[in-house]
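What follows draws every value from the coordinates through simple rules; no lab data is involved. Quantities reported herein were computed from a predicted structural model and do not represent experimental measurements. Every residue, glycine as well, gets a Cβ built from its backbone with ideal geometry; the counts of neighbours run over all protein chains shown.
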Amino acid sequence: MGFSLHNLEMGISMYKSYLLLVLTLMLWSIPSESLALRSAMTGVNFDDVELTLLVPPAYYEQLYDRAIEAFAKAGLRPKREIDRTILQEGKGYILFIELWAKSIETCPGHYRYEQTAELQEWVYFDRIGERLLMSSPMGSDNSLVVTAKPDLTRLQRDLDDLLAVIIQHYRVVNMER
């Protein structure tokens, strides 16, 4: 049985699914008060969330629609854009998802592929008397891999994986007990 990139990717995908299951089980066992202190997603109203994707332009609409559909199935409704005043007042959020490949000049045919997701919000700090933009990682380990240029199928799979973790995390930290 030979080594192949496909087998490696399938193994990684299965490993991510396993980790999601373990994380979910761990989160269910933590009292909601403790978890609330650890999650930027606690109390977030998705009516006040702007979804921003950084993906290859050729696939943007397909991936954006896919993300909106996944959130809708979960009962969450992020917006394409929200009022900047609401953001700056600290009453809104930006969910930023990046699936981006950049060619490596010294290694033709290989790409630095970044998969990140973060929730951004303006937070007021009393000690300095102003709001600053804060980012909290959401459902990703800000992973960077070297790979062949990802195609639409790979991007869809990676987006689905990120969204599953984000949605599950949101549900766990915001569930009624």
Cα→Cβ-extended label distance, 7 Å offset, between M175 and D151, nm: 3.8
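Can you work out the FRET efficiency for the pair Y60 and S103, with r the C-beta to C-beta distance and R0 = 25 Å, to the nearest 0.05?
Working: r = 19 Å, r/R0 = 0.76.
Efficiency, from the Cβ-Cβ distance: 0.85.
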√(5λ) per eigenvalue of the Cα gyration tensor, region 65-177, largest first, Å: 29, 20, 13
Two-site label geometry, A72 and D160: point separation in nm, points 7 Å out along Cα→Cβ: 1.8
Amide hydrogen neighbours beyond the local backbone of G90, cut-off 5 Å, H modeled: W122
Mean Cβ count within 10 Å, highest first, over the residues of peptides 110-123, 46-59: 110-123, 46-59
